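Trainee: Handing you this structure, nothing more for now.
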Amino acid sequence: MTDRKLSLTDPDSGKTLELPVVAGTEGDPTMDITRLNRELGYFTYDPGYGTTANCKSDITFIDGTEGILRYRGYPIEQLAEKSSFVEVAYLLLYGELPTESELSGFDRDITYHTMVHEQVNTFIRGFHYDAHPMAILSGVIASMAGFYQHNLDVNDPEHRDLAAKRLIAKMPTVAAAAYRHYMGWPSAYPRNSLNYAERFLHMMFSVPAEAYEVNPVAAKALDLLFILHADHEQNASTSTVRLVGSTGANPYACVAAGIAALWGPAHGGANEAVLRMLNQIGDVSRVAEYMEKAKDKDDPFRLMGFGHRVYKNFDPRATIIRKACHEVLADLGQSDPLLYLAMELERIALEDDYFVERKLYPNVDFYSGIIYKALGIPTSMFTPMFAIGRTVGWVSQWLEQSASPHRIGRPRQIYTGKGERDYIAIDHRA
Ligand code: CMC
């Protein structure tokens, strides 16, 4: 709370309400409207919650105008360059960078929770052979409440911590198993000797018939992508996790709901949509045609991987991924025509008045798919890759909310339906 107040006067009643201004450590000041309805009888209308803060949080800071993203105060650029995903996970969960012994203890905890109950594999086998891995992921993660029902007390900090670690540890195991189900391959079990990203690649690609060596370039690239996706404050899936969590629901249900929200093409599903779009465009000569489609309000086509609710300058994650994309392709000795198509699309869009005026820049999803593709990850697995990284953010935000007093999330509405009317007997209806 600050000393500042904003006054709001209702011209009809003449009543004035002093609205306290709440300031965080950084970011725009916020008007506290919690007394508005009680005192003046009004609700606020903010579709898409574009100007509404639903919580106070110590975890992630974004300045969309300046293109700033920080986890617990640390700039994303520094974490991307110097840290590892497991260290970032510790930072997001507990607020500080770990000491060596804290990191090794945390890494050991995560490593030893990566296996899933064998019945989970049976459950996965029950899905249709070509089920989308996001459908499997959300279903299987929700089912985990049934496997850990003796550690589900959301008011017990130890239970909460255990659930957070289990979710971070098991998400890659389930995601890889979903892919193997599609491929018809037998289960692959996590290898404790490997690190988080290596272990995932091993579970994805190893087959019983031959030895599988994890490519260190691929593992490093994946670790970087997990860091960049780890948290993004109150985005749609994280807000979903918080909303479900506000009811006291168990963490597996909350994260399963987050996965479902992430799947949408306006959110995490965009990485898959970008690759489909690039394939559909196919050639630089057709970019202009697709730019026109994207600008046409009667055409549902949007330039996928472009635009962001918060970033109105550039997405700092996209800058890092763009650079990594070139490096990874060079290190793997690959050249992908889609990368050149993407660069050309970006160049043309950034010069186009429509995109310039609306401040539409490439977002995190624009280039990530090209790296995933270079690592041999199929398109349908792109959004599960996002989910693996974002699990850390979901559980960190859920832990933060669960550890402090909070109210059930319950937005209001402007009712625009019929007024009261009498029931009409069926034989009197027109
Ligand atoms: N292509 C064409 N026009 C666009 C696009 C786009 N990708 N994005 C926004 N616009 C236009 C939009 O039509 C509107 O124009 P007008 O003012 O003339 O009506 C204006 O830009 C503002 O857009 P908005 O829809 O009000 O913006 P929003 O904040 O509600 O939506 C968004 C943000 C990310 C959902 C949207 O930009 C979009 O659909 N982008 C494509 C999907 C995508 O890449 N999503 C990934 C987001 S980043 C990672 C993540 O969250 O998972």
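Computed from the coordinates by the stated procedures, all read-outs in this text should not be read as laboratory data. What you see is a predicted model, and the numbers here were worked out from it, not measured in a lab. Here the Cβ is made from the backbone with ideal geometry for all residues, glycine too, and neighbour counts use every protein chain on show.
Trainee: When the Karplus curve 6.51 cos²θ - 1.76 cosθ + 1.60 is applied with θ = phi - 60°, which whole-Hz ³J(HN,Hα) does each residue of region 237-245 get, with x for Gly and Pro?
Mentor: 6, 5, 5, 5, 4, 5, 5, 5, x
Trainee: Multiply the residue gap between Y189 and K359 by 0.36 nm, knock off their C-alpha separation, and tell me the result in nm, one decimal place.
Mentor: Result: 56.7 nm gained on full extension.
Trainee: Classify region 1-84: rounded, prolate or oblate, from the alpha-carbon gyration tensor (a ≥ b ≥ c, eigenvalue square roots; a/c under 1.5 rounded; otherwise prolate if a/b is larger than b/c)?
Mentor: Taking the square roots of the gyration eigenvalues as a ≥ b ≥ c, region 1-84 is prolate.
Trainee: Apply the Karplus parameterisation 6.51 cos²θ - 1.76 cosθ + 1.60, with θ equal to phi minus 60°, to every residue of region 303-319 and state each ³J(HN,Hα) to the nearest whole Hz, in sequence, with x for glycine and proline.
Mentor: 6, 5, x, 10, x, 7, 4, 9, 6, 10, 9, 7, 8, x, 5, 5, 4
Trainee: Also, quick follow-up: For the chain, with the dipole built from +1 on Lys and Arg beta-carbon atoms and -1 on Asp and Glu ones, taken about the Cα centre, which of I281, H132, A270 lies farthest toward the positive end?
Mentor: Value computed over the given set: H132.
Trainee: To the nearest 500 deg cm²/dmol, what mean residue ellipticity at 222 nm is calculated for the chain from DSSP H runs of n ≥ 4 alone, each contributing -39,500 (n - 2.57), summed and divided by the residues?
Mentor: It comes out at -15500 deg cm²/dmol, rounded to the nearest 500.
Trainee: Using 17 Å as the cut-off for backbone N distance, which residues of region 322-340 belong to the label zone defined by a point 7 Å from the Cα of E77 along Cα→Cβ?
Mentor: Hits in region 322-340 for E77 at 17 Å: 322-325.
Trainee: Okay, moving on. Whole-Hz ³J(HN,Hα) for each residue in region 330-336, computed from phi via Karplus 6.51 cos²θ - 1.76 cosθ + 1.60 with θ = phi - 60°, x for glycine and proline: what do you get?
Mentor: Karplus values, whole Hz, x for Gly and Pro: 5, 5, 8, x, 10, 10, 10.
Trainee: While we're on this one: Taking the Cα centre of region 82-198 as origin, sum charge times position over the Cβ atoms of Lys and Arg (+1) and Asp and Glu (-1), and report the length of that vector in debye to the nearest 20.
Mentor: 480
Trainee: Sticking with this structure for a sec: Multiplying the sequence separation of I68 and Y423 by 0.36 nm and subtracting their Cα-Cα distance, what value in nm do you get?
Mentor: In short, 122.1 nm is gained.
Trainee: FRET efficiency for D161 and E26, Cβ-Cβ distance as r, R0 = 30 Å, nearest 0.05?
Mentor: It comes to 0.60.
Trainee: Continuing with this model, one more query. On a 0 to 90 degree scale, rounded to 10, what angle separates helix 382-402 from the longest Cα axis of the chain?
Mentor: Taking Cα atoms only, the helix is inclined about 50 degrees.
Trainee: Give the cross-link partners of K220 among the lysines, using a straight C-alpha distance below 23 Å as the criterion and excluding same-chain residues fewer than 8 apart.
Mentor: K82, K165, K170, K323, K373
Trainee: Treating the angle as unsigned and between 0 and 90°, give the value, to the nearest 10°, between the Cα long axis of helix 270-281 and the longest Cα principal axis of the chain.
Mentor: Its long axis makes an angle of about 70 degrees.
Trainee: Given +1 on the Cβ of Lys and Arg, -1 on the Cβ of Asp and Glu, and no further charges, what dipole in debye does the chain carry about its Cα centre, rounded to the nearest 20?
Mentor: 860
Trainee: What shape does region 99-191 have by the C-alpha gyration tensor, where a ≥ b ≥ c are the square roots of the eigenvalues, rounded means a/c under 1.5, and otherwise prolate means a/b greater than b/c and oblate the rest?
Mentor: Oblate.
Trainee: Projected onto the charge dipole of region 141-247 (+1 at Lys/Arg Cβ, -1 at Asp/Glu Cβ, origin at the Cα centre), which of P186, S239, Y148 gives the Cα projection farthest towards the positive end?
Mentor: P186
Trainee: Let me ask something additional. Identify the trypsin sites (Lys or Arg not before Pro) of region 119-183 meeting these criteria: DSSP loop state and at most 11 other C-beta atoms within 10 Å of the C-beta.
Mentor: none
Trainee: If you don't mind, another one. Express in nm, to one decimal, how much length is gained between D153 and A209 on full extension, taking 0.36 nm for each residue of separation and deducting their alpha carbon distance.
Mentor: Gain on extension, D153 to A209, equals 15.8 nm.
Trainee: Name the residues whose placed amide hydrogens come within less than 5 Å of the amide hydrogen of W185, ignoring near sequence neighbours (fewer than 5 apart) on the same chain.
Mentor: When sequence neighbours closer than 5 places are left aside, there are no close amide H contacts.
Trainee: Between T122 and R38, what is the label-to-label distance in nm when each label sits 7 Å out along the Cα-to-Cβ direction?
Mentor: Those two pseudo-labels are separated by 5.3 nm.
Trainee: For region 351-430 and region 35-74, write down the distance between their C-alpha centroids in whole Å.
Mentor: After rounding, the separation between the Cα centres reads 16 Å.
Trainee: Can you give me the distance in nm between label points at T52 and M115, each placed 7 Å from the Cα along the Cα-to-Cβ direction?
Mentor: 4.6
Trainee: Something else about it: What is the set of long-range amide H partners of M31 at a cut-off below 5 Å, with H atoms built 1.01 Å from backbone N?
Mentor: Long-range HN contacts for M31: V22.
Trainee: What is the chain's relative contact order, in percent, from Cα pairs under 8 angstrom and six or more apart in sequence?
Mentor: About 20 percent, as a whole number.
Trainee: Quick check for you: which residues of region 326-360 have the amide N under 19 Å from the point 7 Å beyond the Cα of A288 toward its beta carbon?
Mentor: Residues passing the 19 Å test: 341-356.
Trainee: Would you please give the residues with an amide H less than 5 Å from that of G307, counting only those at least 5 places away or on a separate chain, with H modeled from the backbone geometry?
Mentor: Long-range HN contacts for G307: Y361, N363.
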